[in-house]
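One structure is given here, and the rest of the page talks about it.
The values are calculated or read from the model by the stated rules, or taken from the named source; none is laboratory data. This one's a predicted model, so the numbers in the text were calculated from it and none came from an experiment. A quick note on method: Cβ atoms are made from the backbone with ideal geometry, for glycine too, and the neighbour counts reach across all protein chains shown. We work out accessible area using only protein heavy atoms, side chains counted, and drop any ligands, DNA or RNA first. Shrake-Rupley method; radii C 1.70, N 1.55, O 1.52, S 1.80 Å.
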Amino acid sequence: MLVEWFEVKNNIYACLEIGCAEARMMVCNIRQERLYVLSQQSVVATGIENGNVVNVNQIVEKLKLLKANVEADLKQDIQNVLLAVPSVECRIDNVANSLELDPNQPISHANIKQLFRDIINQPTYHDQVAINIVPRAFVVDDKNAIQNPLGIIGKQLILHAQKVTASASLVYNLINIAELAGFRIADIVLGSVAETMYALTSEQLKKGACHVNIGKDMTTITVVHSGKVVSSVSLSTGGQDVTQHISDAFKVDEQTAEMLKLNFGRIYHESTAPEIIYADDLDGQFVCVTRQMLTDIITSRYEAILKVVKQYLIENCYKHDQMQYIFTGGASEIEGFNLLAKAIFAQEVTVFTPSMLGARSAKYVKLIGMATFIHEMSLLTGQKSNIIDFDQYANVIPDSPLSMVESISTEVTPKTKGHDRTFMDHKLENSGVLVRIFDMIFDEKVE
């Protein structure tokens, strides 16, 4: 027997990432510490280069299409979204703030909200704008650091945190195009930080790790140690470099090169016999591509990308040989990637992918990380997020239950009648993973 959806508190988040290759959106529900994917859609992005808006009209039209696709899937309008900000000219500073308390009243959501607000309102460096506050520990009356101070009585509350800021012009341009496409922005999130916290284990966060997201135009490197995000930077290299080299080597257009990469691309493959995967007569010149020829080019370009990552770590004096490496981004899922990365970094590496149905790809880690990050913050501040209208799915006949298989295969529309169950039951096949950021982003050993 399925538990009625409305018996459990729902927290609905719509997350929007405007990438160079794709604009992606995911709507999810976090309830009982599990994440359920309600809808995820993507469209090819144009008008974005290296995280910056270069053509407003092009990207706005793409975002309008993305919004329409998600709303058609949900069968209702999206009320507001969380917007991902790329790691371009961002800063991460260690901060602390204190608040005098009423010794006769327990610490409330409002107290914590005030601490966050005071840090957000502090002056920022140059043209930066505050994006997120990442709490690490709370201290009440100079006693031991604690993870969650709600309900405790004391005279003073101190917050140790990290303040994340980014380029104001970049942030406002992204907000502008999202609003022009019809979205309302509920909050903004530095995508790399949220993604890192979701992808890494608590042990990796403590001992030190390097999270790498290989995108189309950018590869983002986020370094953590002792529970802190040490740095997050985006370098101008990515999957497009691989596509461009395939195009140049075989004298084919980029669309064909991308097709070859996606359909036949692999690393460290040695053919026992020449296998032709593409042949064409282009402008009187015969072009023939074998699997081994393609593999050699892809392997060399991925090797170059990974060496750029390693060189960055060396130049910035990070102990690259003592940290673990976790990769996300669609480009990291190519066959043989682990073997090449292991050879470059001289250790085992992990390509992290979500475990829930509907989003089992490394390119969705950022969206899921955004939702779980904001959800954990909402637990501290007492906020609740519902970006869709549950009342549209309220007409349920409780005495005519359907099996899980029947409910999944039934096409459900708003204001259901007859034997249809709720839209949320229709989506229950998209079960998720335990939300665990809350146990990791706080450092209870802060002095």
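Of all residues in region 335-367 being charged (D, E, K, R) and buried (at least 19 other Cβ atoms within 10 Å of the Cβ), which is modelled with the highest pLDDT?
Narrowing region 335-367 to residues charged (D, E, K, R): 335, 342, 348, 360, 363, 366.
Retained after the next criterion (residues that are buried (at least 19 other Cβ atoms within 10 Å of the Cβ)): 363, 366.
On the way: Lys363: 88, Lys366: 94.
In this case the residue turns out to be Lys366.
I'm told Lys64 meets every condition in (1) in contact with a His (Cβ under 6 Å, 6 or more places away or on another chain); (2) part of a helix (DSSP H, G or I) except one. Can you identify the failing condition by its number?
All conditions pass for Lys64, except number (1).
Taking the condition of being open to solvent by less than 60 Å² (accessible area, probe 1.4 Å), over 27 Å from the mean Cα position of the chain (by Cα) and hydrophobic (A, V, I, L, M, F, W, C), how many residues in region 265-286 meet it?
Count: 4.
Can you tell me how many residues within region 272-303 are more than 26 Å from Thr237 (Cα to Cα), of a type outside the set (A, V, I, L, M, F, W, C) and in contact (Cβ under 8 Å) with a residue 24 or more places away in the chain?
Looking only at that region, the number is 3.
Where residues in region 209-220 are surrounded by fewer than 24 Cβ atoms within 10 Å (Cβ to Cβ) and over 10 Å from Ile326 (Cβ atoms), which of them is farthest from the chain's Cα centre (by Cα)?
Asp217
Inspect all residues belonging to region 134-142 and state whether any of them is on the phi < 0 side of the Ramachandran plot, modelled with pLDDT of 90 or more and touching an Asp or Glu at 6+ places or on another chain (Cβ under 8 Å).
no
Taking only pairs six or more apart or across chains, which ones have beta-carbon atoms under 8 Å, a first residue in region 122-139 that is of a type in the set (Gly, Ala, Ser) and in a strand (DSSP E or B), and a second residue that is surrounded by 20 or more Cβ atoms within 10 Å (Cβ to Cβ) and modelled with pLDDT of 90 or more?
Listed by first residue and then by second, the contacts come to Ala130/Lys163; Ala130/Val164; Ala130/Thr165; Ala137/Leu159.
Within region 237-256, does at least one residue satisfy the condition of being part of a loop (DSSP other than H, G, I, E, B), over 30 Å from Ala145 (Cβ atoms) and among the aliphatic types (A, V, I, L, M)? Step through it out loud before you land on a result.
Applying the first criterion (part of a loop (DSSP other than H, G, I, E, B)) to region 237-256 yields 237-238, 251-253.
Imposing the further condition that a residue be over 30 Å from Ala145 (Cβ atoms) reduces the set to 237-238, 251-253.
Cutting the leftovers down to among the aliphatic types (A, V, I, L, M) gives us 252.
Yes.
Which pairs do you get when a residue that is of a type outside the set (Lys, Arg), found in region 62-75, comes within reach of a residue that is at pLDDT 95 or above and part of a helix (DSSP H, G or I), reach meaning Cβ atoms under 6 angstrom, with the pair 6+ apart or on two chains?
Short answer, once both residue conditions are applied: none.
Could we say that Asn94 is open to solvent by 60 Å² or more (accessible area, probe 1.4 Å), touching a residue at least 24 places away in the same chain (Cβ under 8 Å), of a type outside the set (Gly, Ala, Ser) and closer than 22 Å to Ser192 by Cα here? Lay out the reasoning, then the answer.
Numbers: open to solvent by 60 Å² or more (accessible area, probe 1.4 Å): yes; touching a residue at least 24 places away in the same chain (Cβ under 8 Å): yes; of a type outside the set (Gly, Ala, Ser): yes; closer than 22 Å to Ser192 by Cα: yes.
When the stated conditions are applied, Asn94 passes them.
Can you name the residue in region 287-334 that is among the polar types (S, T, N, Q) and assigned to a strand (DSSP E or B) and, of all such residues, is least open to solvent (accessible area, probe 1.4 Å)? Write out each step before concluding.
Let us first name the residues in region 287-334 that are among the polar types (S, T, N, Q), namely 290, 292, 295, 299-300, 311, 316, 322, 324, 328, 332.
Next, only the ones that are assigned to a strand (DSSP E or B) stay: 290, 324, 328.
On the way: Thr290: 23, Gln324: 76, Thr328: 0 Å².
Here the residue is Thr328.
Test Lys206 against the stated conditions and say whether it is open to solvent by 20 Å² or more (accessible area, probe 1.4 Å), assigned to a loop (DSSP other than H, G, I, E, B) and either touching a residue at least 12 places away in the same chain (Cβ under 8 Å) or farther than 25 Å from Asn97 by Cα (or both).
Numbers: open to solvent by 20 Å² or more (accessible area, probe 1.4 Å): yes; assigned to a loop (DSSP other than H, G, I, E, B): no; either touching a residue at least 12 places away in the same chain (Cβ under 8 Å) or farther than 25 Å from Asn97 by Cα (or both): yes.
Spelling it out, it is not the case that Lys206 is open to solvent by 20 Å² or more (accessible area, probe 1.4 Å), assigned to a loop (DSSP other than H, G, I, E, B) and either touching a residue at least 12 places away in the same chain (Cβ under 8 Å) or farther than 25 Å from Asn97 by Cα (or both).
State whether one or more residues within region 185-194 are among the charged types (D, E, K, R), open to solvent by 20 Å² or more (accessible area, probe 1.4 Å), in a loop (DSSP other than H, G, I, E, B) and in contact with a helix residue (DSSP H, G or I) (Cβ under 7 Å, 6 or more places away or on another chain).
Within region 185-194, not a single residue is among the charged types (D, E, K, R), open to solvent by 20 Å² or more (accessible area, probe 1.4 Å), in a loop (DSSP other than H, G, I, E, B) and in contact with a helix residue (DSSP H, G or I) (Cβ under 7 Å, 6 or more places away or on another chain).
Let me confirm something: among Gln76, Gln58, Gln41, which residue is polar (S, T, N, Q) and either part of a loop (DSSP other than H, G, I, E, B) or buried (at least 21 other Cβ atoms within 10 Å of the Cβ) (or both)?
Gln76
Could you list, in sequence order, the residues of region 163-222 that are among the acidic types (Asp, Glu) and touching a Ser or Thr at 6+ places or on another chain (Cβ under 8 Å)?
Of the residues in region 163-222, the ones among the acidic types (Asp, Glu) are 179, 187, 195, 203, 217.
Passing the criteria: Glu195, Asp217.
Could you check region 327-366 and list, in sequence order, the residues that are among the polar types (S, T, N, Q) and farther than 14 Å from Gly215 by Cα? Quick ask: steps written out before the conclusion?
So the first thing to find is which residues in region 327-366 are among the polar types (S, T, N, Q), and the list is 328, 332, 338, 347, 350, 353, 355, 361.
Asn338, Gln347, Thr350, Thr353, Ser355, listed by residue number.
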